[in-house]
Amino acid sequence: MKDILEKLEVRRENARLGGGQARIDAQHKRGKLTARERVELLMDKDSFEEFDMFVEHRATDFGMNEGAKIPGDGVVTGWGTANGRTVFVFAKDFTVFGGSLSETHALKIQKIQDMAMKARAPIVGLFDAGGARIQEGVASLGGYGEVFKRNVIASGVIPQISVIMGPCAGGDVYSPAMTDFIFMVKETSYMFVTGPDVVKTVTNEIVTAEELGGASVHTTRSAISDGAFENDVECLLQIRRLLDFLPANCAAGVPEWPSFDDIERADESLDTLIPDNPNKPYDIKELILKVADEGDFFELSAAFAKNIVTGFGRIAGRTVGFVANQPMVLAGVLDSDASRKAARFVRFCDAFGIPIVTFVDVPGFLPGTAQEYGGLIKHGAKLLFAYSQATVPLVTVITRKAFGGAYDVMASKHIGGDVNYAWPTAQIAVMGAKGAVEIIFRADIGDPAKIAARTKEYEDRFLSPFVAAERGYIDEVIMPHATRRRVARALAMLKGKQVELPGRKHDNLPL
Ligand code: HXC
């Protein structure tokens, strides 16, 4: 009996070595952890339960016979807990056939995807792989297809997070692309459909892997990645932090954590956040940090479309999604990038029942050929669509400008805002005073005194929250220092919000 038990331990030890010590050393030399080390860091201590440790590939072509089998077949799968909450994980093991995806490797991932769906718990994929197992041909492509289909079926049901911690090329890129979030590790990870060699052959461009698909590209230009971290350890700790904000599934409701931050806390410094000069910027993140519990804010896509800020925080211990125009960048204008960034975030929050708090200071949509040619109408419509469709609690605070169509888009009363507040400094109008006067009093343009008088008249009448408040478009004009308390009370009141949308197969979001 003892013999048999010992044999199991030997088999396990052998499987844990993956592609062998030399390849593990090479992995470490590159500044990367191994798949199992990563899983250990992601999960609570001793909570990880591995599945399918002894699975081997079934290929026989190209020398893939008995001698070329490694238990586990290039992916570590299982479940465990992160801060006590169940999480499923698969981690590509680069030391085994470069983490490439074979038929059996894909079956292991599918099993975990199916289990995560049955248990209605989040799934995290850690990527470090060379794409399709070349020796397996279409069996590998079929495996990818099975994984993709499951990604789509799970979308909006359980949170799916992808973390790129090494190469992620070919077939490996599309599963992350269909998950909710993608994070990368700086310098050691890259993502592309076709690598530098193919690019050179097809387009004659000479680029490095980093230039083509490194974290710097995907967090700032393509917006494929929602964030990048310095190294494996920091990255995995931040994923644990993110998981703490997320519901287990679309029906579970937001997690509640103990909060030591009084919801009655007034912040007098907010009364002077808005500069006297309406064209002077200020940092909207200051408001988010002062409203959120303990100033804890998990920002997403921080390096892309910085004119809008998105991320998770908590109020009274419960997760909220913050969306806020950022006056520090392009005066907080809505452009195509900002619209699609915020639209995706709003849709995630709505899918998972996370209330949305929107802070508005927006001078309008960005004019110009670059924007119009780039599809501003469709991209702006994505955000409008996302907010209009949302049935989660929507609490909106206009701090300063809410001009033109952007007023409507930013969770206004008209498209579903439940509680719409404005600070006394709010300016809610079709446009700013200068532009408005130049259009409606064109005949007076040659007379500076008349124009000045008209401008003053326009500012006094329209550049305040009261015209909107008189119509009930704003529920209440609130003191800036009371924002946390007012938002917290509104969210508490809306906790049981229920809205029924008409039945349909699905909507037709302007993609
Ligand atoms: C089988 C692979 C492999 C693959 C790497 N390996 N990729 N084995 N299939 N796709 C193996 C190598 O043979 C090597 O084995 C080990 O993994 C490490 O690879 P290296 O090349 O030594 O490592 P490195 O220099 O770091 O380069 C990593 C890499 C490179 C950039 C990922 O390996 C590479 O370019 N691989 C091929 C990528 C690719 O073209 N994949 C197919 C994409 S097509 P040993 O035994 O020497 O350690 C695709 C289509 C799917 O995915 C579409 C579905 C929709």
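The values are calculated or read from the model by the stated rules, or taken from the named source; none is laboratory data. Only a predicted model underlies this, so the values are computations on that prediction, with no experimental measurement involved. Using ideal geometry, Cβ is built from the backbone for each residue, glycine included, and neighbour counts are taken over all protein chains shown. Heavy atoms of the whole protein, side chains included, go into the accessibility calculation; ligands, DNA and RNA do not. Shrake-Rupley method; radii C 1.70, N 1.55, O 1.52, S 1.80 Å.
Here PHE192 fulfils each of the conditions (1) of a type outside the set (Gly, Ala, Ser); (2) over 18 Å from ILE109 (Cα atoms); (3) more than 12 Å from the ligand (Cβ to nearest atom); (4) buried (at least 21 other Cβ atoms within 10 Å of the Cβ) apart from (3).
Looking across region 431-453, the residues that are of a type in the set (A, V, I, L, M) and more than 15 Å from VAL360 (Cα to Cα) come down to ALA433, ALA436, VAL437, ILE439, ILE440, ALA443, ILE445, ALA449, ILE451, ALA452, ALA453. Being among the charged types (D, E, K, R), touching a Lys or Arg at 6+ places or on another chain (Cβ under 9 Å) and farther than 22 Å from ALA411 by Cβ is a property that holds for ASP296. Residue under question is LYS378, and the condition is that it be open to solvent by 10 Å² or more (accessible area, probe 1.4 Å), touching a Pro at 6+ places or on another chain (Cβ under 9 Å) and modelled with pLDDT of 95 or more; does it hold? Against the criterion (open to solvent by 10 Å² or more (accessible area, probe 1.4 Å), touching a Pro at 6+ places or on another chain (Cβ under 9 Å) and modelled with pLDDT of 95 or more), LYS378 qualifies. Within region 3-47, the set of residues being within 12 Å of the ligand (Cβ to nearest atom) and crowded, with 16+ Cβ neighbours inside 10 Å comprises GLY18, GLY19, ARG23, ILE24, GLN27, LYS32. Filtered by the rule that a residue be open to solvent by less than 40 Å² (accessible area, probe 1.4 Å) and among the hydrophobic types (A, V, I, L, M, F, W, C), region 56-69 gives ALA59, MET64, ALA68.
Restricting attention to region 168-189, the residues being in contact with a strand residue (DSSP E or B) (Cβ under 7 Å, 6 or more places away or on another chain), surrounded by fewer than 18 Cβ atoms within 10 Å (Cβ to Cβ) and either free of Cβ contacts under 8 Å to residues at least 40 places away in the same chain or assigned to a helix (DSSP H, G or I) (or both) number 0.
For every residue, the table says whether it meets (1) more than 15 Å from the chain's Cα centre (by Cα); (2) over 20 Å from GLY84 (Cβ atoms).
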residue: GLU210; (1), (2): yes, yes
residue: ASN231; (1), (2): yes, yes
residue: LEU242; (1), (2): no, no
residue: GLY253; (1), (2): yes, no
residue: ARG265; (1), (2): yes, yes
residue: SER269; (1), (2): yes, yes
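Scanning region 341-362 for residues that are surrounded by fewer than 22 Cβ atoms within 10 Å (Cβ to Cβ) and touching a helix residue (DSSP H, G or I) at 6+ places or on another chain (Cβ under 9 Å) yields ARG344, ARG347, ASP350.
Suppose the filter is crowded, with 20+ Cβ neighbours inside 10 Å, hydroxyl-bearing (Ser, Thr, Tyr) and under 19 Å from THR399 (Cα atoms); does THR319 pass it?
Details: crowded, with 20+ Cβ neighbours inside 10 Å: yes; hydroxyl-bearing (Ser, Thr, Tyr): yes; under 19 Å from THR399 (Cα atoms): no.
No: the conditions fail for THR319.
Among the criteria (1) β-branched (Val, Ile, Thr); (2) touching a residue at least 24 places away in the same chain (Cβ under 8 Å); (3) open to solvent by less than 30 Å² (accessible area, probe 1.4 Å), the one THR391 does not fulfil is (3).
Out of ASP271, ASP261, report the one residue that is open to solvent by 10 Å² or more (accessible area, probe 1.4 Å), acidic (Asp, Glu) and in a loop (DSSP other than H, G, I, E, B). Being open to solvent by 10 Å² or more (accessible area, probe 1.4 Å), acidic (Asp, Glu) and in a loop (DSSP other than H, G, I, E, B) holds for just one of ASP271, ASP261, which is ASP261. Selection of region 207-256 for residues being in contact with a strand residue (DSSP E or B) (Cβ under 8 Å, 6 or more places away or on another chain), assigned to a loop (DSSP other than H, G, I, E, B) and crowded, with 16+ Cβ neighbours inside 10 Å yields ILE224, SER225, ASP226, LEU246, PRO247, ALA248, VAL254, PRO255. In region 142-167, the residue that is surrounded by the fewest Cβ atoms within 10 Å (Cβ to Cβ) out of those that are assigned to a strand (DSSP E or B), touching a residue at least 60 places away in the same chain (Cβ under 8 Å) and more than 16 Å from the ligand (Cβ to nearest atom) is ILE161.
Residues of region 200-252 that are modelled with pLDDT under 95 and either of a type in the set (Lys, Arg) or under 25 Å from PHE88 (Cα atoms) (or both): LYS200 alone. For region 104-138, a tally of residues being of a type in the set (A, V, I, L, M, F, W, C), surrounded by fewer than 18 Cβ atoms within 10 Å (Cβ to Cβ) and within 14 Å of the ligand (Cβ to nearest atom) returns 2.
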